[in-house]
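K.L.:
Let me give you the structure first, and then I'll get to my questions.
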Amino acid sequence: MKALITGATSGIGKAIAQEMSRRGISLILTGRNEEALLRMQETLPVHTEIIALDLAENQAPFTLYEFCRDKHVDILVNNAGFGVFGKFSETALQEELELLQVNVRALHILTKLFLADFRKRGSGRILNVASSAGFLAGPLMSGYYATKGYVLRLSEAISEELRQEGSRVTVTALCPG
C-alpha cells in the first residue's frame, strides 16, 4: 500500500506520515521544505519518496500528479494548507490568492485526478484535511475558514456520489479543531 501526503513536513501531515509508516504503508511526501522532506525520508521506517513543491504555484498540482501517476498510489492525503490572519479589508491580496491556490485549487485538482484513477481501479482513499473552521464563520481569518468550508462540502458531496454508485473508493474530510 502507498500513500501520497501533501504538507507532510510538519503538524498533521507529519503525524499522518509517521503513523502510516508505523503501519507499513510506503509514502510519497511533498512540501515546500526539501531539507525537512529529506530528514523525514531518512527517519521513516518504510520506502519513502519525496518531491519538493509549492502547491501555490499553478503547475505544481499537475507536476505532483505526473510524478505519482505510475506509482500506484492507494491513499491521497490532501493536507497542505495555511491561513492568513487579519481583517479581510487589510490582509494582503497576494497572500490570500496563494491561500486559495493551496487550500482550494490544489486540493480540488489532486482530488479530481486521483479520484478518476481510483474509480477506474475500483479502490482508493482520499482524506481531505478540512477543519472545524469549515463549520463556522471566521472573523480575522475569513479566507481560511471559507476554504475549509469548501474542502468540507466538496468532500461530503463526492463521498455521497461514491456511496450512491456503490463505489469502494472513499473520500473523507478530517475536521480537527
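K.L.:
Taking segment 160-169 as the search range and keeping residues that are of a type outside the set (Asp, Glu) and under 13 Å from Phe118 (Cβ atoms), which one is surrounded by the fewest Cβ atoms within 10 Å (Cβ to Cβ)?
P.N.:
Applying the first criterion (of a type outside the set (Asp, Glu)) to segment 160-169 yields 162-164, 166-169.
Now restrict to residues that are under 13 Å from Phe118 (Cβ atoms): 162, 167-169.
Details: Leu162: 18, Ser167: 17, Arg168: 12, Val169: 20.
So, considering only residues that are of a type outside the set (Asp, Glu) and under 13 Å from Phe118 (Cβ atoms), the one surrounded by the fewest Cβ atoms within 10 Å (Cβ to Cβ) is Arg168.
K.L.:
Anything in segment 48-87 that is touching a strand residue (DSSP E or B) at 6+ places or on another chain (Cβ under 6 Å) and aromatic (Phe, Trp, Tyr)? List them, or say none.
P.N.:
Listed by number, the list holds a single entry, Phe67.
K.L.:
For segment 40-48, state whether one or more residues are touching a residue at least 40 places away in the same chain (Cβ under 8 Å), out of contact with any Phe, Trp or Tyr (no Cβ under 7 Å at 6 or more places or on another chain) and of a type outside the set (Ser, Thr, Tyr).
P.N.:
no
K.L.:
Which pairs have Cβ atoms under 6 Å, sit 6 or more apart or on different chains, and link a residue in segment 96-108 that is on the phi < 0 side of the Ramachandran plot to one that is among the aromatic types (Phe, Trp, Tyr) and open to solvent by 30 Å² or more (accessible area, probe 1.4 Å)?
P.N.:
Taking only residues 6 or more apart or on different chains, the pairs are Val104/Tyr150.
K.L.:
Then there is this: Given Gly86, Gly124, Gly134, which one is among the small types (Gly, Ala, Ser), surrounded by 13 or more Cβ atoms within 10 Å (Cβ to Cβ), touching a helix residue (DSSP H, G or I) at 6+ places or on another chain (Cβ under 6 Å) and closer than 23 Å to Gly11 by Cβ?
P.N.:
Gly134
K.L.:
Right, next: Filtering segment 63-83 down to residues that are of a type in the set (A, V, I, L, M, F, W, C) and within 13 Å of Gln101 (Cα to Cα), which residue is least open to solvent (accessible area, probe 1.4 Å)?
P.N.:
Ala80
K.L.:
So how many residues does segment 143-177 have that are among the hydroxyl-bearing types (Ser, Thr, Tyr), touching a residue at least 24 places away in the same chain (Cβ under 8 Å) and under 14 Å from Val104 (Cβ atoms)?
P.N.:
Summing the residues that are among the hydroxyl-bearing types (Ser, Thr, Tyr), touching a residue at least 24 places away in the same chain (Cβ under 8 Å) and under 14 Å from Val104 (Cβ atoms) in segment 143-177 gives 4.
K.L.:
I need the full set of residues from segment 22-39 which are out of contact with any strand residue (DSSP E or B) (no Cβ under 6 Å at 6 or more places or on another chain) and either free of Cβ contacts under 8 Å to residues at least 24 places away in the same chain or not in a loop (DSSP other than H, G, I, E, B) (or both), in order please. Break it down into steps so the answer makes sense when it comes.
P.N.:
The initial filter retains those residues of segment 22-39 that are out of contact with any strand residue (DSSP E or B) (no Cβ under 6 Å at 6 or more places or on another chain), namely 22-24, 31-33, 35-36, 38-39.
Within segment 22-39, Arg22, Arg23, Gly24, Gly31, Arg32, Glu35, Ala36, Leu38, Arg39 meet the criteria.
K.L.:
Shifting gears a bit: Any idea how many residues of segment 157-173 are touching a helix residue (DSSP H, G or I) at 6+ places or on another chain (Cβ under 8 Å) and not in a helix (DSSP H, G or I)?
P.N.:
6
K.L.:
Have a look at Ala36, Ala52, Ala15 and point out the one that is open to solvent by less than 70 Å² (accessible area, probe 1.4 Å), touching a Gly at 6+ places or on another chain (Cβ under 8 Å) and not charged (D, E, K, R).
P.N.:
After applying the criteria, what remains is Ala52.
The values are calculated or read from the model by the stated rules, or taken from the named source; none is laboratory data. Nothing here was measured: the structure is a model prediction, and the numbers come from that model. Neighbour counts are summed over all protein chains in view; Cβ atoms, including those assigned to glycine, are modelled from backbone coordinates with ideal geometry. Accessible surface areas use protein heavy atoms only, side chains included; no ligands, DNA or RNA. Shrake-Rupley method; radii C 1.70, N 1.55, O 1.52, S 1.80 Å.
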